[in-house]
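The values are calculated or read from the model by the stated rules, or taken from the named source; none is laboratory data. Values in this document were obtained by computation on a predicted structure and should not be read as measured data. As a convention, Cβ positions derive from the backbone with ideal geometry for all residues, glycine included, and neighbour counts pool all protein chains shown.
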């Protein structure tokens, strides 16, 4: 112990590098056996390195799996943005189908939509409500059956049923004066003596006329209903009144 203090004192009094180097060499040679902590330090560093390496491998593995499942690039390290977020130059298409079908423009547009969908306006019956319509047409694959289509901004897929006795004559359901029909429709509540605020429903049926002297003609029937009674007006395609049935 005394010798150690003497060496430390000598080291603090050393004047030249040679004297200091000599003293340090003596101290190192005497304490050489006690260097186990250095081995422990290297072991700790080795363990930490393994942990870091394992973490890096797991991260890369996760990136690779994620890219394989959801990637849209050639490399998992290519962080390209979602292609759905990129501008594609496609302009919005705004649909403007006829909606108020019991108006001049709406009814005219409905008949135009029918021609576009089917190529003609032939059918057994057309029923027109304020915001939708129903059309019965012949099944092109089986003339014993009727296809019923519903219009709500477009003619949807049909339902099929067997032809009944009223589905015997095909006519052009557009063969009527649209402007005249709309005028009769708007005046129907007053014609039938029904107050406008009391009206619950109004619909127009276009179907083949039963008059044997006018083959291919259509007949229109306008129905108006309320909580206090219902009535209808029947008229020809040119607006000629056939009958008025009051509530």
Practice problem: With the condition kept exactly as written, say whether any residue in the stretch 185-195 is at pLDDT 95 or above and within 19 Å of residue 122 (Cα to Cα). | Solution: no
Practice problem: Return only the number of the condition from (1) at pLDDT below 70; (2) over 27 Å from the mean Cα position of the chain (by Cα) that residue 72 does not satisfy. | Solution: (2)
Quiz item: Mind checking whether some residue in the stretch 221-232 is outside any strand (DSSP E or B) and at pLDDT 95 or above?
Solution: no
Practice problem: Identify all residues within the stretch 203-229 that are crowded, with 17+ Cβ neighbours inside 10 Å, free of Cβ contacts under 8 Å to residues at least 24 places away in the same chain and farther than 17 Å from residue 166 by Cα; write none if there are none. | Solution: 223
Quiz item: Do you know which residues across the stretch 230-240 are touching a residue at least 24 places away in the same chain (Cβ under 8 Å) and either over 43 Å from the mean Cα position of the chain (by Cα) or not assigned by TED's automatic domain parsing to the domain that holds residue 184 (or both)?
Solution: 235, 236, 238, 239
Quiz item: Condition test on residue 95, is it touching a residue at least 24 places away in the same chain (Cβ under 8 Å) and surrounded by 12 or more Cβ atoms within 10 Å (Cβ to Cβ)?
Solution: no
Self-check item: Total residues in the stretch 117-148, condition free of Cβ contacts under 8 Å to residues at least 24 places away in the same chain and assigned to a loop (DSSP other than H, G, I, E, B)
Solution: 7
Quiz item: So, of the residues in the stretch 169-186 that are part of a loop (DSSP other than H, G, I, E, B) and in contact with a strand residue (DSSP E or B) (Cβ under 6 Å, 6 or more places away or on another chain), which turns out to be nearest to residue 110 (Cα to Cα)?
Solution: 173
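Rundown of residues vs (1) closer than 15 Å to residue 107 by Cβ; (2) at pLDDT 95 or above, yes/no style:
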site: 133; (1), (2): yes, yes
site: 140; (1), (2): no, no
site: 157; (1), (2): no, yes
site: 165; (1), (2): no, no
